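Nothing in this text is a laboratory measurement; each read-out follows from the coordinates by a stated rule. Bear in mind the structure is a predicted one, so any value in this text is a computation, not a measurement. Please note: Cβ atoms are built from the backbone with ideal geometry, for glycine as well, and neighbour counts cover all protein chains shown.
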There are 2 protein chains.
Amino acid sequence: MVLAAKHEILRQQLRQDVAELDTHAALPTERELAARYEVSRATVRQALGVLEEAGVVYRVQGAGTFVADRTVSKSLSLTSFSEDMTARGLRPGSRLVVADEIPATAPVAETLRIDVGEPVVRVVRVRLANDAPMCLETVYLVSGRVPGLLGHDLTGSLYELLAERHDIALIRADQVVKAVCVDGADAALLGVAPGSPALQVDRIGLDQRDRPVERTTSLYRADQYDIAFTIRREQP
Amino acid sequence: MVLAAKHEILRQQLRQDVAELDTHAALPTERELAARYEVSRATVRQALGVLEEAGVVYRVQGAGTFVADRTVSKSLSLTSFSEDMTARGLRPGSRLVVADEIPATAPVAETLRIDVGEPVVRVVRVRLANDAPMCLETVYLVSGRVPGLLGHDLTGSLYELLAERHDIALIRADQVVKAVCVDGADAALLGVAPGSPALQVDRIGLDQRDRPVERTTSLYRADQYDIAFTIRREQP
DNA sequence: CAGTGGTCTAGACCACACT
DNA sequence: GTGTGGTCTAGACCACTGG
C-alpha cells in the first residue's frame, strides 16, 4: 500500500536539503550521498534525475551537481483549477452554469474516441479566484465512465470527484494554448468588456492507459492569468 | 567525439520500431529487448524512460509497454523560431528592425543577472513565415558573452550563431505565456489591425551551467500561432 | 592528475495485471 | 500462477572538469 520507494524518500529528503543551500551551491557527490543515505549510487541517480527534470538541480559532468536558479521554473504540471489557484495563493470557487447530458458532437466525439451521438456529460462553470471570475470552463466527459456524476456537487474539484467516485486518475493531458478576444456572451460571464483578450486552453485529459477521459476548453482572463513553465532541449 | 551511448542508439532504434506499430500495440518486453539488442535491462529501461517522457510510449506495471496515442503530443521543447517554423512546414525568415548595443535597463539587468547599465545587445526582428509576419521578437544578450555579434548576419537563426560563433548552447528556458492585444506600433509591424489578439511569450534562455544568456519577448499573431504540448502529473 | 558525473552490467526481489 | 514492469544492489569503466 504505502509507496515508499527508496528513491522517492531520498528525493524528498534532497528537496529539503537543497532548499537550505544557496543557488549554484554544490550538492554532495553521488557517491557521498549513496554512502550517507545507505543506498546504491543508482538509486541516488534516479532521485537526482527527477530533481533535474523538475528544474531543482542541474548537473555538469566532471564537475558536480548544483542547486538550480529558481526564478520562474514553475514546472508545468497537470493540475486541476482548484490546485492551480491554491498554488497561486488564491481561493478557488465555482459558479455552475450548465450541467447536463447531451449527444456528442463530431469534434467532441473525435477527441474522446467515441461515436457521434453517444451520450456525454457537459459541465460549464465560471471558475472563481477569491470570488472574482477567472476562467470560463466547459468540460465534456464520456457518460458511461462517470455514472451518476451529475448527482454530485459540481462546484468543487472535478478531478477529485473522478478520482474518488469513479477511480479515474488523470495522468497526462494534451493541451493547445492560443490567444483570443472574448465576445459578448463569454465576456459577460467573465465580467470583462467585449473584445478583451483571453487565454484559451483546449485540453484532452488521459488516464494511465492513455485513454481520453475529458475534453475541456478554458477561457482565462488575460488580465488575471498567465502560464509559466520551463522547457528543455529535446533529445534526438 | 561521436556520442554513441548504447541507450541513445537503442532509443532511436525503438523510435523507428514504434513508428511501424499501431497505437496501443504492445512493445516486446524489457527482457526481450535486452536480449534482442544485446544490452542490459537497465539500458533498455533508460531508453524507454526517455521515450515515455517524450510521450511516445506508456507503461503499465504488470502489463507491458505500449505505443502511445499520438494526436497532439508535440512535446514542448526549446527551439529557435527557425526550427519551430520548419517543424510546422513553413519557411522562416526575418526582417531586421533594430540591432544595437544599449545599457541594460533594470528589468533586463535583473533577468540577465548583470548590473544596471552594463552593455547589452538588442535585436528586434519581425519573424516571417512564408514571407508573412508571424511574430515580433525582441532579444537582449549580455554584450560580453557575444563579442562581434552585431557584425554578423542577423536575419537567420540566432541560436545557431550563438552555438557556432560563441560556443553558447541554450539548454533550458523559463517562459511565461500570456494573451494581449497589440497596439498601433506593434500591430503595424505584425500587419494586423490595432486591438488584435496576440500571444506574448517572455523567455529567459539558460546555458548548461544555468546561467542566463538571453531574454526574449515574442509577440505572436493569434490568428497564425498556437502552442501545443503535453503535461503530466507531477512527482511529489 | 584526482575526482566528478555518465554509462553499463548481471543479478535479485517486489508489486501488480491477467488468466 | 506466470509474466510484466518497478526497484535496488555492487561493481566496473569511461568522459569530462578542474587545479
Quiz item: Is the range B:97-198 rounded, prolate or oblate when judged by the Cα gyration tensor, a ≥ b ≥ c being the square roots of its eigenvalues, rounded requiring a/c under 1.5 and prolate requiring a/b larger than b/c?
Solution: prolate
Self-check item: Using a 7 Å Cα-to-Cβ projection, A:Lys6 label spacings across copies, nm, ascending
Solution: 2.2
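What is the dipole size for the range A:114-236, taken about its Cα centre, with +1 at each Lys and Arg Cβ and -1 at each Asp and Glu Cβ, in debye to the nearest 20? List each step's numbers first, then the result.
On the way: 14 positive and 18 negative charges, 47 e Å.
I would put it at about 220 debye.
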Quiz item: Once a ≥ b ≥ c are taken as the square roots of the eigenvalues of the Cα gyration tensor of the range B:181-235, is the result rounded (a/c under 1.5), prolate (a/b larger than b/c) or oblate (a/b not larger than b/c)?
Solution: oblate
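What Kirkwood hydrodynamic radius do you get for the range B:14-121 when you take the inverse of the mean 1/r over all pairs of distinct Cα atoms, in Å? Please report the intermediate quantities before stating the final value.
Values: mean 1/r = 0.0552 Å⁻¹.
Computed over the range B:14-121, the radius equals 18.1 Å.
What size of dipole, in debye to the nearest 20, comes out for the range A:35-105 about its Cα centre when the only charges are +1 on Lys and Arg C-beta atoms and -1 on Asp and Glu C-beta atoms?
The calculation lands at about 380 debye.
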Practice problem: Give the whole-number value, in cubic angstrom per residue, of the convex hull volume spanned by the C-alpha atoms of chain B. | Solution: 170
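How long are the semi-axes of the equivalent ellipsoid of the protein assembly as shown, taking √(5λ) for every eigenvalue λ of the Cα gyration tensor, in whole Å from largest down?
Numbers: eigenvalues 241, 221, 103 Å².
The equivalent ellipsoid of the protein assembly as shown has semi-axes of 35, 33, 23 Å.
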Self-check item: A:Ala87 versus B:Ala99: modelled label distance in nm, points set 7 Å from Cα along the beta carbon direction
Solution: 4.0
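Per DSSP helix of 4 or more residues, -39500 (n - 2.57); summed, then divided by the residues of chain A. What does that give at 222 nm, rounded to the nearest 500?
Working: 7 runs with 64 residues, N = 236.
Helix-only estimate at 222 nm: -7500 deg cm²/dmol.
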Quiz item: Where the centre of each part is set by its Cα atoms, how far does the range B:1-52 sit from the range A:1-54, in angstrom?
Solution: 27
Exercise. Distances from B:Val116 to the same position in the other copies: list them in nm, one decimal, shortest first, using label points 7 Å from Cα along Cα→Cβ.
Key: 6.1
Exercise. Only Lys, Arg, Asp and Glu count, each charged at its Cβ (+1, +1, -1, -1), so figure out the dipole size of the protein assembly as shown about its Cα centre, rounded to 20 debye.
Key: 740
Quiz item: What is the residue of chain B with the smallest Cβ distance to the axis taking B onto A, and what is that distance in whole Å?
Solution: B:Ala179, 2
Quiz prompt | Range in chain A, longest, excluding exposed GluC sites (Glu not before Pro) [loop by DSSP; at most 11 other beta-carbon atoms within 10 Å] | solution = A:39-236
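Fewest Cβ neighbours within 10 Å first, please rank B:Phe81, A:Phe66 accordingly. Write down the numbers at each step before the final one.
Values: B:Phe81 23, A:Phe66 20.
Fewest-to-most Cβ neighbours within 10 Å comes out as A:Phe66, B:Phe81.
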Quiz item: Measuring from a point 7 Å out along Cα→Cβ, what nm distances, shortest first, does A:Ala163 have to its partners in the other copies?
Solution: 4.0
Exercise. Answer with one residue from B:Thr216, A:Ile9, A:His166: the one whose Cα lies farthest towards the positive end of the charge dipole of the protein assembly as shown, charges on Cβ with Lys, Arg +1 and Asp, Glu -1.
Key: A:Ile9
Self-check item: Under 5 Å, built H, 5+ apart or other chain: amide partners of B:Gln208
Solution: B:Ala169, B:Ile171
